[in-house]
1. Please verify whether residue 177 is open to solvent by 20 Å² or more (accessible area, probe 1.4 Å), small (Gly, Ala, Ser) and more than 15 Å from the chain's Cα centre (by Cα), treating the condition exactly as stated.
2. Answer yes or no: is there a residue in segment 35-51 that is hydroxyl-bearing (Ser, Thr, Tyr), within 16 Å of the ligand (Cβ to nearest atom) and surrounded by 13 or more Cβ atoms within 10 Å (Cβ to Cβ).
3. Working only within segment 66-90, note down all residues that are more than 16 Å from the ligand (Cβ to nearest atom) and assigned to a loop (DSSP other than H, G, I, E, B).
4. Using beta carbons and a limit of 8 Å, which pairs, at least six apart or on different chains, have the first residue in segment 79-104 and over 17 Å from residue 116 (Cβ atoms) and the second one in a strand (DSSP E or B) and open to solvent by 50 Å² or more (accessible area, probe 1.4 Å)?
5. Given the residues 169, 139, which is the only one that is out of contact with any strand residue (DSSP E or B) (no Cβ under 7 Å at 6 or more places or on another chain), under 16 Å from residue 102 (Cβ atoms), open to solvent by 80 Å² or more (accessible area, probe 1.4 Å) and at pLDDT 95 or above?
6. Please go through segment 114-134 and give me each residue that is surrounded by 13 or more Cβ atoms within 10 Å (Cβ to Cβ) and either over 17 Å from the mean Cα position of the chain (by Cα) or at pLDDT 95 or above (or both), ordered by number.
Amino acid sequence: MIAENLAEVEKKIEAACQRAGRKRDTVTLIAVSKTKPLPLLEEAYAYGCRDFGENRVQELIWKYEAMPKDIRWHMIGHLQRNKVKYVVGKAFLIHSVDSLSLAQEISRQSVKRQLTTNILIEVNVAGEASKFGLHESGEVIGLVSEAAKLPGISIKGLMTVAPPVKDPEENREYFRALRQLSVDIMQKNIDNVSMAVLSMGMTGDYETAVTEGAAYVRVGTGIFGEREGKRSESEQ
Ligand SMILES: *Cc1c(COP(=O)(O)O)cnc(C)c1O
């Protein structure tokens with residue numbers, strides 16, 4: 001089941017890359033395994049997945065301990081400052097940085113462990129009230145400029161969670177807006193800032209995101225099937 005789903009997702013990413021004139025290896029699929037039990041992650045691993053996404057610190061940590069060490073764990077959910085100390089050193093990339101105080105805490109914990117943590121700045125491109133992330137591009141640029149001065153962190157790009165829609169084309173404008181914002185920031189040539197990574201696209205819209213330049217797509221349902229309690233996810 002997981003293998004078939006992954007084959008299907010792979011095929012669609014490949015096709016989207018072709019439509020966009022992109023090389024397949026410029027897009028990384030993150031298997032979003034939140035709420036799913038280990039045997040399903042093991043199936044995805046056996047298929048070849050090495051990038052997994054989790055949105056809760058505790059779950060990321062116990063899965064990190066239980067799974068092979070060549071996996072790159074992506075923290076994609078809202079992160080509280082008091083939990084940063086647990087993920088630093090375990091998360092390959094933190095996608096959800098949306099405040100200077102959070103960036104400061106990641107910096108502090110990283111310096112303490114003498115390592116560099118890669119982060120993305122979360123942008124709420126659609127301006128949905130229920131979502132995390134910064135909305136105004138001025139705020140995003142302000143946060144990037146300030147966070148760039150902190151030791152122990154490296155800004156790699158931007159992340160967004162687009163609204164749930166029936167027709168993925170409805171989200172194209174948001175993916176395009178995120179890409180444009182990354183170009184605007186790149187042109188400011190801020191030291192210690194890369195805008196190489198756009199993390200965008202989920203089960204409902206990842207093909208559209210790929211054609212708009214996504215470097216990471218985060219696919220959960222399309223690989224592992226529906227989650228229980230899906231509706232309450234954004235309210236944690
Ligand atoms: C759950 C989640 C996903 C995956 O969602 P699906 O629609 O199941 O693919 C992607 N990104 C974030 C931030 C999530 O919380």
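1. It is true that residue 177 is open to solvent by 20 Å² or more (accessible area, probe 1.4 Å), small (Gly, Ala, Ser) and more than 15 Å from the chain's Cα centre (by Cα).
2. Taking every residue of segment 35-51 in turn, at least one turns out to be hydroxyl-bearing (Ser, Thr, Tyr), within 16 Å of the ligand (Cβ to nearest atom) and surrounded by 13 or more Cβ atoms within 10 Å (Cβ to Cβ).
3. Those that are more than 16 Å from the ligand (Cβ to nearest atom) and assigned to a loop (DSSP other than H, G, I, E, B): 67, 68, 69, 70, 71, 88, 89, 90.
4. Close Cβ pairs satisfying both conditions: none exist.
5. Result: 139 is the single residue among 169, 139 that is out of contact with any strand residue (DSSP E or B) (no Cβ under 7 Å at 6 or more places or on another chain), under 16 Å from residue 102 (Cβ atoms), open to solvent by 80 Å² or more (accessible area, probe 1.4 Å) and at pLDDT 95 or above.
6. Scanning segment 114-134 gives 116, 117, 118, 119, 120, 121, 122, 123, 124, 128.
The values are calculated or read from the model by the stated rules, or taken from the named source; none is laboratory data. Worth saying up front: this structure is predicted, and the values here are computed from it rather than measured. For neighbour counting, all protein chains shown are included, and Cβ atoms are generated from backbone atoms with ideal geometry for every residue, glycine included. For the accessible areas, the whole protein counts, side chains as well, though only heavy atoms, and no ligand, DNA or RNA atoms are used. Shrake-Rupley method; radii C 1.70, N 1.55, O 1.52, S 1.80 Å.
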